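Remarks on the structure that follows.
Every number in this text was worked out from the coordinates using simple rules, so none of it is lab data. Only a predicted model underlies this, so the values are computations on that prediction, with no experimental measurement involved. Because the Cβ atoms are built from the backbone with ideal geometry, glycine has one as well, and the counts that use them run over all protein chains shown.
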Amino acid sequence: MERTITVKGHGKISCVVDQADLYVTISGRDPGCEAASSLAAERLSLLEQAAEGCGFHKKQLITTSYQLQTEYEGWQDETGVYRNRISGFVCRHELRLSLPFDSALLSRTLTAIAQSGAEAELRLEFTVADKDAAKEALLAQAVITAKAEAEVLCRAAGVKLGDLLHMEYGVQAPEILSPTRLEATGAALMSKRTALPELSPEDIILEDDVTLTWAIG
């Protein structure tokens, strides 16, 4: 029976933020379904104009969610029974705009959206542009760690590390996001009447594990 050694390697790296993902939600609410959709479309047009004014193309606004929902209200009929009836409709459209991390550009973009009349809700997340490179560096670190630990164990046991026989890696990749977040409404940003403060998001810490099995002799 072939003798083996199995070691779990832990990778941990730090990534500097170089991309901001701006999520913008616009809504239209009206007693009529078509009117609610039309209002959301009008606000989308205002949002696109604001983005273009900051140097972006409207196609860079990527839809991440679109919902057209019925709203209900409770009422009591003549027998005293509480029932629900349709009170109106709401159309919610969420879009993502990815841009290089630059505080001045972010401030101009957020201010333009706030002043556009789109009445948007804003959420800002920070990440890295080259996610594949970050994942590759993380996995490479995990494999290096596993091999180093296997070599230490083999030397201590007086055996020789042989060929790599098996590698195991989970299917759930780590989320590449900084812990720093920003959320606001357009009205809240307009009330400040000033540019946003300098944003310094935390570095992104990525961690993951790989399990490797070698023959030993």
Quiz item: Excluding same-chain residues fewer than 8 positions from LYS131, which lysines have a Cα within less than 18 Å of its Cα?
Solution: LYS12
Practice problem: Find which of GLY88, SER27, GLY55 sits farthest along the positive direction of the dipole of the range 1-147, computed with +1 on the beta-carbon of Lys and Arg, -1 on that of Asp and Glu, about the Cα centre. | Solution: GLY55
Self-check item: Net +/- balance of residues flanking ARG92 in space, Cβ distance below 10 Å, scoring K and R +1, D and E -1
Solution: -1
Exercise. Pop out the ³J(HN,Hα) list for the range 152-157 in order, Karplus 6.51 cos²θ - 1.76 cosθ + 1.60 with θ = phi - 60°, rounded to Hz; leave Gly and Pro as x.
Key: 4, 5, 5, 4, 5, 8
Quiz item: In sequence order, what are the phi-derived ³J(HN,Hα) couplings for the range 209-217 according to the Karplus relation 6.51 cos²θ - 1.76 cosθ + 1.60 with θ = phi - 60°, rounded to whole Hz, with x for glycine and proline?
Solution: 10, 10, 10, 10, 10, 10, 6, 10, x
Exercise. Between beta-carbons, use under 12 Å as the cut-off and find the net charge around ARG181, counting Lys and Arg +1, Asp and Glu -1.
Key: -3
Quiz item: Hey, can you rank 66-76, 27-37 by average C-beta count inside 10 Å, highest first?
Solution: 27-37, 66-76
Exercise. Before rounding to the nearest 500, sum -39500 (n - 2.57) across all DSSP H runs of length at least 4 in the chain and divide by the residue total; then give [θ] at 222 nm in deg cm²/dmol.
Key: -10500 deg cm²/dmol
Quiz item: Against the longest principal axis of the chain, how steep is helix 103-114, in degrees 0 to 90 to the nearest 10, with axes from Cα atoms?
Solution: 30 degrees
Quiz prompt | Interchain or long-range residues, amide H under 5 Å from ALA120's placed H | solution = GLY186
Quiz prompt | Computed magnitude of the charge dipole of the range 17-58 (debye, nearest 20; Cβ of K, R +1, Cβ of D, E -1) | solution = 100 debye
